[in-house]
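K.L.:
Sharing a structure with you now.
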Amino acid sequence: MDRVTGERRRPALERRDPPRLVSLVFPVFDEEEALPHLRAALEEFLPTLGVPCEIVLVDDGSRDGSYDLIARWAAEDPRVRGVSFSRNFGHQAALSAGLALARGDATVLLDADLQDPLSVIPAMLERYREGYDVVYGQRTTRAGETRFKRATAWLFYRLMRRLVHRALPEDAGDFRLISRRCVDAVLRMNEVHRFLRGMFAWVGFRQVAVPYARAPRLHGETKYPFWKMARLAWNAALSFSTFPIKLITALGFLTAAGALVYGGFAVVDKYFFHATVPGWTGLVVIVGLTGAAILVSLGVIGEYVGRIFEEVKQRPLFVVRETTFDDRELGAAPPLREAERVDRTIGR
């Protein structure tokens, strides 16, 4: 216990051995153009890393030839394991599948477009050896992005820190290294609407930043435009916070206060000033504001009810269409709802 603050001190970090295996997880969606460059970069980088690695590629229902490239790569390199979804289930589901399939003592989440530089991984491994369970990449610059994109990203992370979790790091995406015990803890969280950055913060393991300069995307187009970022923020707020409902309560009190003030003004105007002009405009404004507040309130509450409805159905988080390995290994993964599979292709 700290004598000054009265807070319980966290135990000191304990150094650990280098990981026996590092899993590199890449979600893939329409990355046919970028995959050959990713393969070349990994084949050049991995021999310099000094630890055994596996490459997990999760095809999130691509509409191009991405999975054909993954299957060909896996046939030529035993370190590669590929999975193809039956349709597009989303970036967070693809990352979750990669975590479930990762066998390493440490797992690194990266984008397939090489905006997350491989050269940062040795620094992450060093912090892992110091005892940290989550080592996240923190962006110092965002090359190739517009001012609007940088401004909305800045606002996104500050809002998420306030709404989701105080320990949620700022200016950090999904690019991070996670220890085995942290991966297993996150995989036991089976909610459908996933915000992995918040989940890594919620489980409470020690985390630290490694600053890096985010590279511009060289091939293909971004898969995270503004509307997807806004949807991710809304999903995170509803999944980790009751703030929207508290905001509804505040809005209700504010609307009631406004109605009381206007009502008092109307009474004074009628009995003391004998106004004869009817308050049609004011009445319309009050009714409109009240109706809008009610509809917004119902909409937000409906979002929470809809999420409860989706959770109780217990549908799988994703459906695997095809794998480049014996898909019986999926059953050995930590308890994630990925058991539903169709059209198995084993040992390809």
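Each value in this text was obtained by applying a stated rule to the coordinates, not by laboratory testing. What you see is a predicted model; the values in this text were computed from it and never measured. When we count neighbours, we look across all protein chains shown, and the Cβ atoms used for this are built from the backbone with ideal geometry, even at glycine.
K.L.:
Do any helices (runs of 4 or more DSSP H) entirely within the stretch 30-118 hold 3 or more residues that are under 21 Å from the mean Cα position of the chain (by Cα) and among the hydrophobic types (A, V, I, L, M, F, W, C), and if so, which? Before the answer, list the steps.
P.N.:
Details: elements: 35-49, 66-76, 91-101.
Output list reads 91-101.
Matching residues to (1) of a type outside the set (D, E); (2) over 21 Å from R321 (Cα atoms):
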position: P11; (1), (2): yes, yes
position: R20; (1), (2): yes, yes
position: L38; (1), (2): yes, yes
position: D64; (1), (2): no, no
position: P78; (1), (2): yes, no
position: G90; (1), (2): yes, no
position: A93; (1), (2): yes, no
position: A97; (1), (2): yes, no
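K.L.:
Just to be sure I understand, how many residues within the stretch 55-84 are within 18 Å of L21 (Cβ to Cβ), acidic (D, E) and buried (at least 19 other Cβ atoms within 10 Å of the Cβ)?
P.N.:
Matching residues across the stretch 55-84 total 0.
K.L.:
Provide a single number: the residues in the stretch 82-98 that are over 21 Å from Q138 (Cβ atoms) and either without any contact (Cβ under 8 Å) to a residue 60 or more places away in the chain or aliphatic (A, V, I, L, M) (or both). Let's see the steps before the verdict.
P.N.:
We begin by selecting, within the stretch 82-98, every residue over 21 Å from Q138 (Cβ atoms); these are 82-90, 93-94, 96-98.
The next check asks that each one be either without any contact (Cβ under 8 Å) to a residue 60 or more places away in the chain or aliphatic (A, V, I, L, M) (or both); those that pass are 83, 88, 90, 93-94, 97.
Summing the residues that are over 21 Å from Q138 (Cβ atoms) and either without any contact (Cβ under 8 Å) to a residue 60 or more places away in the chain or aliphatic (A, V, I, L, M) (or both) in the stretch 82-98 gives 6.
K.L.:
Criterion first (closer than 18 Å to L114 by Cα and of a type in the set (A, V, I, L, M, F, W, C)) does L24 satisfy it? Don't jump to the end; show me each part of the working.
P.N.:
Values: closer than 18 Å to L114 by Cα: yes; of a type in the set (A, V, I, L, M, F, W, C): yes.
Here the answer is yes, as L24 does meet what is asked.
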